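The values are calculated or read from the model by the stated rules, or taken from the named source; none is laboratory data. Since this is a predicted model, take the numbers as computed values, not measurements. Cβ sites come from the backbone with ideal geometry, for glycine too, and all protein chains shown count toward neighbours. Remember, those area values only see protein heavy atoms, side chains included, never the ligands or the DNA or RNA. Shrake-Rupley method; radii C 1.70, N 1.55, O 1.52, S 1.80 Å.
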Amino acid sequence: MFLADRVVKIVLSDLRTWLAVAAVISLEAAYFVWFRPSLAMAIAALAVGVLSLVAWPLLFVRSESFARRFYQVPEAVQADQEDKLQTLATDFDELEFGQGAAQIKMLREKFENLSEILKRRLNAGELTYARYLGMAEQVYLSALDNLNEVAVALRSVSTIDTDYIQSRLREL
């Protein structure tokens, strides 16, 4: 249901939706005031108005502006990813694991490079653009998750007291 809720939220938050509703209501009211239609014509006019209001979301969902808003990553999610990335880089610095920091930098550069190429080749509102960028983002995030697991493993290994283990081995 998350997908349907997101679509409804985007459609209802767009100014053009409310302008379309206002236009249909205004035209219906003007029709009834000016022409004073018979019952059959009034029902037909109301049916046309209802069909117009039902058709609007169907047409709007196919627009480029809807696709752009639907597939863009919200700023809150991007800020959260940036915080996690900074935390991971700090962990690698604390653990003195230069390879991890270098991999984070390479991953980020490759993702930004692919994103730039997609922006140059495809329109940002196109479904193809969103699909390619979404797949690349999933690979990027998966790689970052793996690096996070490495950081956790390194942190747990760093607490091992090697001197104590060596002394216990000598005793045994």
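The table below gives the values:
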item: Between 0 and 90°, nearest 10: helix 162-171 axis offset from the chain longest Cα axis; result: 40
item: Where GluC sites (Glu not before Pro) fall in DSSP loop in the range 83-172, at most 10 other Cβ within 10 Å; result: E96
item: Shape call, the chain: gyration tensor on alpha carbons, a/c limit 1.5; result: prolate
item: Within straight-line cross-link reach of K9, lysines at Cα separation under 27 Å, skipping those fewer than 8 residues along the same chain; result: K119
item: Å² of accessible area per residue within the range 40-172, as computed with a 1.4 Å probe and no ligands counted; result: 73
item: Residue (of T90, L15, L114) at the positive-pole extreme of the chain, dipole from beta-carbon charges; result: L15
item: Selected from Q99, T159, A124, residue furthest toward positive end of dipole (the range 26-172; charges at beta carbon); result: A124
item: Percent accessible area from carbon and sulfur atoms, the chain, protein chains only, probe 1.4 Å; result: 63
item: On Cα atoms only, tilt of 75-94 relative to the major axis of the chain in degrees; result: 0
item: Dipole magnitude of the chain about its Cα centre (Cβ charges: Lys, Arg +1; Asp, Glu -1), debye to nearest 20; result: 1120
item: Calculated FRET efficiency for the pair S13/L39, C-beta based, R₀ 30 Å, to 0.05; result: 0.20
item: Reach of K105 by Cα under 18 Å, taken over lysines that are not fewer than 8 positions away in the same chain; result: K84
